[in-house]
Amino acid sequence: MVVAVRQVQVEALPPDRLQALIGPERAERFRETTAAARASLGRRRVINVNSTARGGGVAELLESLLPYARGVGIDASWLVIDGGPEFFEITKRLHNRIYGVRGDAGSLGGAQRAAYEETLRSNRADLLDLIRPGDIVVLHDPQAAGLTDAARRAGAIVIWRCHIGRDAPNAYSDEGWDFLRPYVEDADAYVFSRAAFIPRWADRTRTATIPPSIDPFSAKNRALDPATTLAILQFAGLLAAAADPPALAVPRPDGSPVRLDRRADTLATGPAPPADAPLVVQVSRWDRTKDMPGVMHGFVEHLDGHREAHLALVGPAVDGVEDDPESGAVLDECLGFWGQLSPGARRRVHLACLPLDDPDQQATIVNALQRHAAVVTQKSLVEGFGLTVTEALWKQRPVVASRVGGIGDQIRDHEQGLLLDDPADLTAFGAAVRLLLDDHSLATRLAEAGHQRARAEFLPDRHLERYAALFATLAEP
């Protein structure tokens, strides 16, 4: 029998290891909050459902958060639904429209609704076999939204968790919500990353705003010393090395070694940047909304040759993100733009894909890349929350980012980073990056303030406390 729904193994992590970062008073409050959550949940389980176990922001979020939930005694699990190319083409279209952008020229009509429902129908039986009455089922994003009714009929309490949105609705976002609303309107609760994303039709009494978080001890965020950072990037082929570097091992979060034996796939690049060259970095999915070509052109037009800086645009291997069918086409577009640059500019612009077959290996390379960066950018045209910004803030790196979506919730302009009011303004982008490359004192001040902001608001204890409050409300008899 073919099983559509897969279960992702989630190990428990002890929350006490956060105490050194959050302090004893905050740690005690976290213990009290989670103890109350356990009491209110009783025998209820918390089951998260999404559409991929790797390569996307939701997958990374669940991977970092759920182990802490299990560590405080909450029975939290993670299920992944199955879908084919047509399903993911439709859900990608929904993502784009809810962000308020057209995306592809495809329709969201009756044929798409039928295909969407058929895919979820094939997952429904497996899902219902794995839940029981009273469970709290958290359905993530458009891919899982259509399972709301089935889970509620099975007696579950259903939360629809939406990680995307748009501050000011437009015709495209209205079209996306018109498609999704019938599936999620009867959910017991909604969770959005920010209040501005809540659609007009949503019942505010059933809505919570919960920003996401990062795990400071994960492979992507744990501390790396400068020598290890340099060795990782030289092995990966992202920085120049005097000789062919050997494979190396870096400890995983659990202490076991991550053996780095896969280099980055450097697709469009000259020689790797020297280790002492200022490196401007954007790490993103290959998605048009992340505007990698805009970063490239802004860098070349306004920073070409400045301080011999180099630009690295880095994303996941396009065959590894199951629910994003546009990534290959976007990467091809970026390669096309790179090919049109002058030879001198091409020498300083580097495009690379990271392998996803070992998530810890990929995350370790991203960690080293962000830590080495002179400036981290996130020049998104639209954004849900922007955890790559949170990651850079945590690593005390100066950030230039667009004032879109949740990025503006993390950074106050000239306090924790530099914000672009118009993401399409390449002159402003270039000027902001140039300022941080030139003004070391400003870059350091912003980076230190950004780290404190990430520590205060975007670590797992804050995230779980907000969910615990919601669970307590929903679990009331």
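The values are calculated or read from the model by the stated rules, or taken from the named source; none is laboratory data. These figures come from a predicted structure and were not determined experimentally. Don't worry about glycine lacking a Cβ; one is built from the backbone with ideal geometry, like all the others, and counts go over all protein chains shown. Side chains included, ligands, DNA and RNA excluded: accessible areas come from the protein's heavy atoms. Shrake-Rupley method; radii C 1.70, N 1.55, O 1.52, S 1.80 Å.
What does the highest-first list of 458-464, 430-436, 336-342 look like by mean Cβ count within 10 Å? Display every interim value, and only then the final one.
Working: 458-464: 23.1, 430-436: 20.9, 336-342: 13.7.
Sorting 458-464, 430-436, 336-342 by mean packing, highest first, produces 458-464, 430-436, 336-342.
Using a simple spin-label model with points 7 Å from Cα along the Cα→Cβ vector, what separation in nm is obtained for Leu435 and Glu86?
5.1 nm
Given the rule -39500 (n - 2.57) for each run of at least 4 DSSP H residues, summed and divided by the residues of the chain, what is its mean residue ellipticity at 222 nm, to the nearest 500 deg cm²/dmol? Write out the running numbers ahead of the final one.
Values: 18 runs with 211 residues, N = 477.
That calculation yields -13500 deg cm²/dmol at 222 nm.
With each label point set 7 Å from Cα along the Cα-Cβ vector, what nm distance links Leu248 and Arg113?
It is 5.6 nm.
Treat every Asp and Glu Cβ in the chain as -1 and every Lys and Arg Cβ as +1, leave all other atoms uncharged, and give the resulting dipole magnitude about the Cα centre to the nearest 20 debye. Please report the intermediate quantities before stating the final value.
On the way: 53 positive and 64 negative charges, 161 e Å.
I would put it at about 780 debye.
With a 1.4 Å probe and all protein chains left in place, how much accessible area per residue does the chain have, in Å²? If you can, show how the numbers build up before the last one.
Numbers: 18470 Å² over 477 residues.
Here the per-residue accessible area is 39 Å².
Would you list Arg371, Arg97 from the most to the least accessible area, probe 1.4 Å?
Working: Arg371 55, Arg97 5 Å².
Largest accessible area first, the list is Arg371, Arg97.
Pairs to check: Lys220/Lys290; Lys220/Lys395; Lys92/Lys379. Give those whose C-alpha atoms are more than 18 Å from each other in this structure. Show your work: numbers first, answer last.
Values: Lys220/Lys290 20 Å; Lys220/Lys395 10 Å; Lys92/Lys379 20 Å.
Long pairs (Cα-Cα over 18 Å): Lys220/Lys290; Lys92/Lys379.
Measure nothing but the geometry: give the 0 to 90° angle between the long axis through the Cα atoms of 85-98 and the longest principal axis through the Cα atoms of the chain, rounded to 10°.
Helix 85-98 sits roughly 80 degrees off the main axis of the chain.
Tilt of helix 327-339 relative to the longest C-alpha principal axis of the chain, in degrees (0 to 90, nearest 10)?
With both axes taken from Cα atoms, the answer is about 10 degrees.
Roughly speaking, to the nearest percent, how much of region 243-400's 1.4 Å accessible area is carbon and sulfur?
Working: 2800 of 5410 Å².
Of the solvent-accessible surface of region 243-400, carbon and sulfur hold 52 percent.
When the chain is fully extended, how far beyond the present Cα-Cα distance does Asp16 get from Asp129, taking 0.36 nm per residue of separation? Mind showing how you got there, number by number?
Values: separation 113, 0.36 × 113 = 40.68 nm, distance 3.44 nm.
Extending this stretch completely gives an extra 37.2 nm.
Between (i) 62, 52, 40; (ii) 64, 53, 45; (iii) 65, 57, 46, which entry matches Cα extents along the principal axes in Å as derived from the coordinates of this structure?
So the calculated entry is the one marked (ii).
Starting from the 7 Å offset along Cα-to-Cβ, what nm value, one decimal, do you get for the label separation of Ala240 and Arg31?
Distance between label points: 5.4 nm.
Rounded to the nearest 10 Å², what accessible area does Asp332 have for a 1.4 Å probe in the complete protein model?
My reading of the accessible area for Asp332 is about 100 Å².
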